[in-house]
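Below is one structure, written out as structure tokens; the observations come after it.
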Amino acid sequence: MIGPPIEFSIYIWPLLFCAAFFAGLVDAVAGGGGLIQVPALFAAYPDVPPATLLSTNKLASVGGTLNAARKFLRHVSLPWAVVGPAIVAAFVGSLMGANAVSHFPAEPLRKALPFVLVFLLIYTWFQPSLGEAHAPKEVSHYQKFKALLLGLTIGFYDGFFGPGTGSFLLFGFVRFFGFDFLHASAATKLVNVSTNLAAILMLASLGQINWPLGFVMMIANIAGSQFGSRLAIKHGSGFVRKVFLVIVSALILKSAWNAYFLN
């Protein structure tokens, strides 16, 4: 279903430009920019098929995410033997997830998401030292396997469903690989670029994307990510942790509302 086209509007596009800027800012710090950008797109174009709006959101986000990753990498050093496999596996997983959307219902995931996020919030809240110090574990075959598994699992989730992907990746790099929140945020951006590109390729091949609006919003998203990444680098892991907790709390409320109260 292609549905009605997204036409230029002198009233709507500037508002979406502003939404993309703030989404890029939030996403650069701790993920969760979709909380701003996706509802804005759906409110602006309620009659356009969701697949078109979601792929346009991915296109707008990928530029800001890549820009944030580039800026982070000027200030932090990542263990590529771990991050590299996660990036590749995430790309494959996202393609698989996007392909699986038409074969399996997403409803069980939608119902379970608030509870998973509550666990994430409680665990992080009661582990104040989690992600405070950057002490990456020694690279081994087991660590590489965990990176592949993390990338494949979260990549599939992002391609299939998506909400909270950045939060799950951030938590994964902190909890399983000993990253602090700043280094985990940098790694998350790189993996997120991979999952976004895979979803864009899959949906674009089906004609479910609006390139002009996506590129306009991408410019704003990049500008926002520039500002957000500067904040994260300046204020460090403690700041990223606080924003992470706020974003996860907002995701809990939004996902619970969507799953149990929104008809």
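The values are calculated or read from the model by the stated rules, or taken from the named source; none is laboratory data. Predicted model only: the values in this text are computed from it and were never measured. Heads up, the Cβs are rebuilt from the backbone with ideal geometry, glycines too, and the neighbour counts pull from every protein chain shown.
Here are a few things to note about the model shown:
- Residues located in region 59-93, provided they are of a type in the set (Gly, Ala, Ser) and outside any helix (DSSP H, G or I): SER77
- Matching residues in region 169-227 - criterion: being of a type in the set (S, T, N, Q) and without any contact (Cβ under 8 Å) to a residue 60 or more places away in the chain: SER205
Table: residues versus (1) within 30 Å of LYS137 (Cβ to Cβ); (2) more than 21 Å from the chain's Cα centre (by Cα); (3) hydroxyl-bearing (Ser, Thr, Tyr).
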residue: PRO14; (1), (2), (3): no, yes, no
residue: ASP27; (1), (2), (3): yes, no, no
residue: PRO39; (1), (2), (3): no, no, no
residue: PRO46; (1), (2), (3): no, yes, no
residue: LEU54; (1), (2), (3): no, no, no
residue: ALA69; (1), (2), (3): yes, no, no
residue: PHE72; (1), (2), (3): yes, no, no
residue: VAL76; (1), (2), (3): yes, no, no
residue: TRP80; (1), (2), (3): yes, no, no
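- Filter result for VAL48 (in contact with a Gly (Cβ under 9 Å, 6 or more places away or on another chain) and closer than 23 Å to LYS189 by Cα): no
- Residue that is at pLDDT below 85 and surrounded by 14 or more Cβ atoms within 10 Å (Cβ to Cβ), where the choices are GLY32, GLY24: GLY32
- Contact map, region 120-140: first residue among the acidic types (Asp, Glu), second residue in a helix (DSSP H, G or I), Cβ cut-off under 9 Å, separation 6 or more or different chains; pairs are GLU132/PHE181; GLU132/SER237; GLU132/GLY238; GLU132/ARG241.
- Against the test of being outside any loop (DSSP other than H, G, I, E, B) and at pLDDT 90 or above, the options ILE219, ILE252 yield a single qualifying residue, ILE219.
- VAL29 meets all of the listed conditions (1) within 14 Å of LYS189 (Cβ to Cβ); (2) β-branched (Val, Ile, Thr); (3) out of contact with any Ser or Thr (no Cβ under 9 Å at 6 or more places or on another chain) but one, namely (3).
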